[in-house]
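Below is one structure, written out as structure tokens; the observations come after it.
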Amino acid sequence: MIRAVLDACVLYPPVLRSLLLGADRAGLYRAQWSDRIIEEWLRATRKLGPVAEAEARLEAALVASAHPNAKLLAAPHIEARLILPDENDRHVLAVAIAGSSDAIITLNAADFPRGVLSGEGLARRDPDGFLWEIFSHHPEAMRNVVRAVQARAESMAGAAVSPKALLKRAGCPRLAKAMGL
């Protein structure tokens, strides 16, 4: 089973986070992160105000409870030897190496050069391509994940939400197209 570290940038958007975590819960891959990655996600919500940050902290606690095996320990001994364009991302790569991960799921391609990652036995994956690949191998299971995320979005909105609009909001056009939406 693929083990993938989720960068904070893919945890921040609620719909994308729900899709990635739903695929993990369905057993389609194994999501991984560190406390520092979670804290980056939570810090990003501060710009939305104290209520948003409090809601995100609650969500993070629920995520941690639902995914008890996802947390990896920090790896400062590995981090110290790494060189990346943004040194603030070294901890993400270090935890992926320490956790024997297969990939880092991120939207920040420039911060994780493929050559550096491949030298560590890792791949960089964008979330849309990653979820599309999961769908190509497990279409019904991934459809169930999307349905569950759609149901939650509709419950929160109090109105119908199309799966195509949902996936568009998540930045997953390839997945939407593969699903025939």
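A few notes on this one:
- The trypsin sites (Lys or Arg not before Pro) of the range 57-107 that DSSP puts in a loop, and whose beta carbon has at most 12 other beta carbons within 10 Å, are Arg81.
- Once C-alpha pairs closer than 8 Å and six or more residues apart are averaged by separation and normalised to the residue number of the chain, the relative contact order reads 24 percent.
- Neighbour counts of other Cβ atoms within 10 Å put Trp33, Trp41, Trp132 in the fewest-to-most order Trp132, Trp41, Trp33.
- Backbone phi angles across the range 169-174, fed through the Karplus curve with coefficients 6.51, -1.76 and 1.60 (θ = phi - 60°), yield HN-Hα couplings of 4, 7, x, 10, x, 5 Hz in residue order; Gly and Pro are listed as x.
- GNM flexibility winner over the chain from Leu72, Leu84, Leu62 (Cα, springs under 10 Å): Leu62
- Summing Lys and Arg as +1 and Asp and Glu as -1 over all other residues whose Cβ lies under 11 Å from the Cβ of Ala66 gives a net charge of -1.
- Backbone geometry of the range 140-152 corresponds, through the Karplus equation with coefficients 6.51, -1.76 and 1.60 at θ = phi - 60°, to 3J(HN,Hα) couplings of 5, 5, 6, 4, 5, 4, 4, 4, 5, 5, 4, 4, 5 Hz, x marking Gly and Pro.
- Between 0 and 90 degrees, the angle of helix 50-66 with respect to the longest Cα principal axis of the chain falls at about 80 degrees.
- Between the amide H of Leu72 and those of Trp33, Ser34, Asp35, distances stay under 5 Å, these residues lying 5 or more places away or on another chain, with hydrogens modeled in the peptide plane.
- In a simple Cβ point-charge model (Lys, Arg +1; Asp, Glu -1; nothing else charged), the range 1-97 has a dipole of about 200 debye relative to its Cα centre.
- The range 124-181: relative contact order as a whole-number percent, Cα under 8 Å and 6+ apart: 44 percent
- Highest-MSF residue in the chain out of Ala159, Ala170, Ala96 [GNM, Cα springs under 10 Å]: Ala159
- Under Karplus coefficients 6.51, -1.76 and 1.60, residue-wise ³J(HN,Hα) of the range 111-126 in Hz, glycine/proline x: 7, 10, x, 4, x, 5, 5, 5, x, 9, x, 10, 10, 9, 10, 7
- The GNM of the chain, with springs linking C-alpha atoms under 10 angstrom apart, assigns the highest mean-square fluctuation among Asn69, Asn108, Asn88 to Asn88.
- Against the main long axis of the alpha-carbon atoms of the chain, helix 14-25 sits at an angle near 80°.
- Volume per residue for the range 133-178 equals 60 cubic angstrom (convex hull of Cα atoms).
- Rounded to whole Å, sorted largest first: equivalent-ellipsoid semi-axes of the range 3-126, Cα gyration tensor: 23, 16, 13
Just so you know, all these numbers are worked out from the coordinates, no wet-lab data involved. Model, not experiment: these values are computed from the prediction. Positions of Cβ are generated from backbone atoms using ideal geometry, with glycine treated the same way; all protein chains shown enter the neighbour counts.
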